[in-house]
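Read the structure below first, then the notes.
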Amino acid sequence: MKHARIRYQGQTHNVMVNEDHSVTVNGQRLSADDVTWLPPAQGTVFALGLNYADHAAELAFKAPTEPLVFLKSPSTLTGHQQVSVRPDNVAYMHYECELVVIIGKTARHVSREHAMDYVAGYSVCNDYAVRDFLENYYRPNLRVKNRDTLTPIGPWWVDKADVADPANLTLRTWVNGKLTQQGNTRDMVFDIPFLIEYLSSFMTLSPGDMIATGTPEGLADVVPGDEVVVEVEGVGRLVNRIVSESEYENLRGR
Amino acid sequence: MARGRILLNRQVRDVTLQADGNLLLDNGNPLMESPQWLAPVTGTVYGAALNHRSLIESLAGAFEDAPYKAAPQAPVLFIKTSNTQIGHGAPILFPAGVDRIQAGGALGIVIGKTARKVSAEQALAYIAAYTVVNEVSQPEDSFYRPAVKAKCRDSFCPIGPWLIDARRVDPQTLVVETYVNGTLRETNRCADLVRSVPQLIADISSFMTLEPGDLLIAGTPLRSVDLQAGDTVTVAIEGIGRLENPVIAEEAAR
């Protein structure tokens with residue numbers, strides 16, 4: 001089953017998504033193009049840096065010995081088929097295709113053996129970064145990773161039971177139809193059970209919390225006009241378009 | 001006017017503080033019981049690190065060295081997740097297996113309307129209220145990586161007791177005092193903030209949107225106040241409030 005949050009005619013709805021990606025609202029079947037897709041959950045968003053060894057090498061880092069966790073706020077999240085803003089006058093903004101774990105029940109001091117019992121399902125995010133703004137304080141800092149519109153997530157989340165092996169899923173990114181990034185969740189440095197054990201060892205995780213589990217190698221610059229598609233096999237395909245600051249202001253002004 | 005949130009018969013209720021010191025419930029009735037306070041905000045809680053002169057001066061020699069290599073340019077921000085947020089009177093849990101935790105008395109700034117690309121000149125108009133925050137943390141020996149483990153433990157962000165309407169408050173003049181078991185241990189003057197309150201809002205809102213109900217922690221000084229299980233810690237700001245919380249061992253709370 002696929003679960004989504006959508007906006008239709010000014011109202012927000014929690015919906016199930018049909019096989020053809022239509023959704024049913026108040027008995028009315030709406031096509032995927034007729035609704036505005038919102039981020040599918042509303043809890044705390046954790047994200048992992050350098051959680052694929054190949055990507056860590058690409059950024060000239062050794063893979064960390066402890067998870068590199070950072071946080072995102074709701075202000076950076078956006079949904080499927082929305083736009084993301086590339087700031088003016090920057091040299092390098094890249095996408096990051098990631099599997100997102102959705103927490104299903106309150107988790108505190110959970111061992112890795114039991115960790116998967118606390119997972120409700122999975123989603124997909126594109127954890128954009130604007131590297132020009134990197135500073136060596138709480139790196140990756142919010143100005144790089146928490147900018148408005150720079151974390152598309154969705155289109156939906158799928159039940160855990162519908163994903164046979166989350167540790168063997170292909171991640172792929174296309175820019176304007178060209179495959180630019182490919183990896184597999186089996187190459188995570190810290191896997192999902194480890195991450196749940198780690199986070200819940202020092203804080204309480206709640207239903208709806210999301211863990212964006214990091215990205216493999218294959219980063220590239222994206223510019224206004226680009227269509228960026230990130231896909232996690234068996235979970236979802238998240239489409240998004242890059243716009244300039246001025247185009248974004250025009251879209252908002254409508 | 002002062003507004004707060006309490007738990008009464010398992011329900012969240014809004015209360016207002018009257019001039020005579022009594023609390024009125026949201027239905028107009030006086031509160032007869034002694035209140036069980038909740039954190040008075042429900043939005044995202046952001047903190048500004050390295051925003052106090054004492055802290056900047058103590059680190060000045062280190063900024064040019066690895067891993068920092070340059071002094072911070074943008075505000076150094078962190079997020080206090082919802083599991084950290086507690087009200088006046090609720091216990092701060094001293095985690096098992098942790099050596100030291102420290103108080104972080106600071107001013108809390110509550111956003112009143114959506115703030116995006118706001119100038120410093122306009123910023124005060126976006127503030128609804130002020131409150132008192134104790135930004136509890138493990139000591140930080142480095143500011144290089146996000147301090148999730150040090151700062152996002154359950155109960156590490158007492159807020160309250162209430163919100164004081166921002167009109168007629170000049171944040172620049174406020175003085176934050178931290179007491180342990182009744183003894184004054186630290187004084188933090190908002191006049192010593194590196195970025196003033198309006199400048200902070202301007203710089204943050206240049207890349208991300210602050211929403212009504214979001215809280216900004218203006219900046220803790222060089223940390224000096226260790227807490228032990230059994231202590232009572234009080235953060236007081238004249239004209240805003242007195243936030244008092246006992247510290248108890250985490251095992252005792254289970």
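No lab work stands behind these numbers, since they all come straight from the coordinates. Note that the structure is predicted; figures quoted are calculated from it, not measured. Methodologically, a virtual Cβ is constructed for each residue, glycine included, from the backbone with ideal geometry; neighbour enumeration extends over all protein chains shown.
For the reader, a short list of remarks on this structure follows.
- Residue that is farthest from the other protein chains (Cβ to nearest Cβ), among those in the range A:199-237 that are among the small types (Gly, Ala, Ser) and surrounded by 24 or more Cβ atoms within 10 Å (Cβ to Cβ): A:Gly236
- Single residue of B:Leu59, B:Leu24 found to be part of a strand (DSSP E or B) and over 18 Å from B:Ala218 (Cα atoms): B:Leu24
- Residues that are in a loop (DSSP other than H, G, I, E, B), within 7 Å of chain A (Cβ to nearest Cβ) and in contact with a Phe, Trp or Tyr (Cβ under 8 Å, 6 or more places away or on another chain) within the range B:70-87 comprise B:Pro72, B:Ala74, listed in sequence order.
- Test: residue in the range B:129-147 that is of a type outside the set (Gly, Ala, Ser), within 14 Å of another protein chain (Cβ to nearest Cβ), in contact with an Asp or Glu (Cβ under 9 Å, 6 or more places away or on another chain) and crowded, with 23+ Cβ neighbours inside 10 Å: no
- The range B:148-163, residues that are within 14 Å of the chain's Cα centre (by Cα) and either of a type outside the set (Gly, Ala, Ser) or within 14 Å of another protein chain (Cβ to nearest Cβ) (or both): B:Lys151, B:Cys152, B:Ser155, B:Phe156, B:Cys157, B:Pro158, B:Ile159, B:Pro161, B:Trp162, B:Leu163
- Taken over the range A:151-176, the criterion of being acidic (Asp, Glu) and assigned to a loop (DSSP other than H, G, I, E, B) is satisfied by A:Asp165 alone.
- Scanning the range A:73-89 for residues being buried (at least 18 other Cβ atoms within 10 Å of the Cβ), away from every other protein chain (no Cβ under 11 Å) and in a loop (DSSP other than H, G, I, E, B) gives a total of 2.
- Being in contact with a His (Cβ under 6 Å, 6 or more places away or on another chain) and part of a strand (DSSP E or B) is a condition met by no residue of the range B:5-14.
- Some residue of the range A:131-140 being in contact (Cβ under 8 Å) with a residue 40 or more places away in the chain and of a type in the set (A, V, I, L, M): no
- Residues that are away from chain B (no Cβ under 14 Å) and among the β-branched types (Val, Ile, Thr) within the range A:135-165 comprise A:Ile153, A:Val158, A:Val163, listed in sequence order.
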